[in-house]
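The values are calculated or read from the model by the stated rules, or taken from the named source; none is laboratory data. Remember, predicted model here, so these are calculated numbers, not experimental data. Cβ coordinates were reconstructed from backbone atoms using ideal geometry, including for glycine residues, and neighbour counts include every protein chain displayed.
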Amino acid sequence: MSAFYREKVLSVHHWTDTLFSFRATRDTGFRFQNGQFAMIGLEVDGRPLLRAYSMASANHEEELEFFSIKVHDGPLTSKLQKIREGDIILVGRKATGTLITDNLIPGKRLMLLSTGTGLAPFASLIKDPEVYDRYDSIVLVHGCRQVSELAYGEELVAKLRDDELFGPMLSEKLLYYPTVTREPFRNRGRITDLITSNQLFADLHQGPLDIETDRIMMCGSPAMLEELKQLFETRGFAEGSGNKPGHFVIEKAFVER
Ligand code: A2P
């Protein structure tokens, strides 16, 4: 048995010069928990070329979706960005990852903090009805340099708000906070600064950070993750894992250089 599923690309959407998403068929045997990642890629010169990608689709969906950067000379993404409907991608059989609700101590407010394509695992999680059962509110923060980079997230949330099943859950519980650092926008600034200054909570009309009720997942640039980890640890929050649930969990978004 091959280590990979060979899946067919169903659609590709280019959001900006540096971001695209695509949907592919999903083998019925491919199981994952929302928030997890798998190794995916292409066969290049007869060999698999793979990188870790979070599933942006939820596990109840029939198709798979991924959200990716494009790097001009990136070994995989320089090729992956050229895929078209009907092409074949490889998907590793085993999904894994720490951004799952079981790795968190029960809480009331779930904060999903992301930059760039770090949004992907949260795109999956906000389509999980169980997440809405477990938490009173879900705060989805997406930080980017430019407004155009928010488009995938904006459309995702807008579609879910219009959805018959998810619409009511979202309107009651999901707070979406896109923020931009390098051009004008209604929300400005780095996620780290927005939390330390309490601006994020003020803008959302929410109470400040509270270790008793807040649980956090973060995915994005390594520099941001390092700073956030320190910020939360200074306030007594502990990192969770599969062995020991905690107040926060971390995953690096894939960056190809
Ligand atoms: P900034 O524009 O101030 O660098 P990148 O494209 O470099 O991965 O960055 C994505 C977003 O993450 C940008 O808005 C960037 O802000 C922000 N960012 C980068 N490093 C950090 C950090 N150490 N802490 C918080 N946000 C960061």
Inset, instruction - Return a yes/no flag: does region 219-238 have any residue that is in a strand (DSSP E or B), within 25 Å of A38 (Cβ to Cβ) and in contact (Cβ under 8 Å) with a residue 40 or more places away in the chain. - result: yes
Legend entry - Failed item, numbered, when L209 is tested on (1) under 18 Å from L150 (Cβ atoms); (2) crowded, with 16+ Cβ neighbours inside 10 Å: (1)
Inset, instruction - Taking F254 as meeting all but one of (1) modelled with pLDDT of 95 or more; (2) touching a Phe, Trp or Tyr at 6+ places or on another chain (Cβ under 7 Å), write down the number of the exception. - result: (1)
Inset, instruction - Would you point out the residue of region 218-257, among those that are of a type outside the set (V, I, T), closer than 13 Å to M111 by Cα and within 16 Å of the ligand (Cβ to nearest atom), that is surrounded by the most Cβ atoms within 10 Å (Cβ to Cβ)? - result: C219
Inset, instruction - Residue by residue through region 139-171, note down the ones that are crowded, with 16+ Cβ neighbours inside 10 Å and out of contact with any Phe, Trp or Tyr (no Cβ under 7 Å at 6 or more places or on another chain). - result: H142, G143, C144, E149, L150, G153, L156, F166, L170
Inset, instruction - Looking only at region 3-16, decide whether some residue is out of contact with any strand residue (DSSP E or B) (no Cβ under 6 Å at 6 or more places or on another chain) and either polar (S, T, N, Q) or within 18 Å of G116 (Cα to Cα) (or both). - result: yes
Inset, instruction - Given the conditions (1) within 16 Å of the ligand (Cβ to nearest atom); (2) over 13 Å from the mean Cα position of the chain (by Cα); (3) surrounded by 14 or more Cβ atoms within 10 Å (Cβ to Cβ), report the number of the one that R182 does not fulfil. - result: (3)
Inset, instruction - Looking only at region 168-177, decide whether some residue is within 23 Å of C144 (Cβ to Cβ), part of a helix (DSSP H, G or I) and within 16 Å of the ligand (Cβ to nearest atom). - result: no
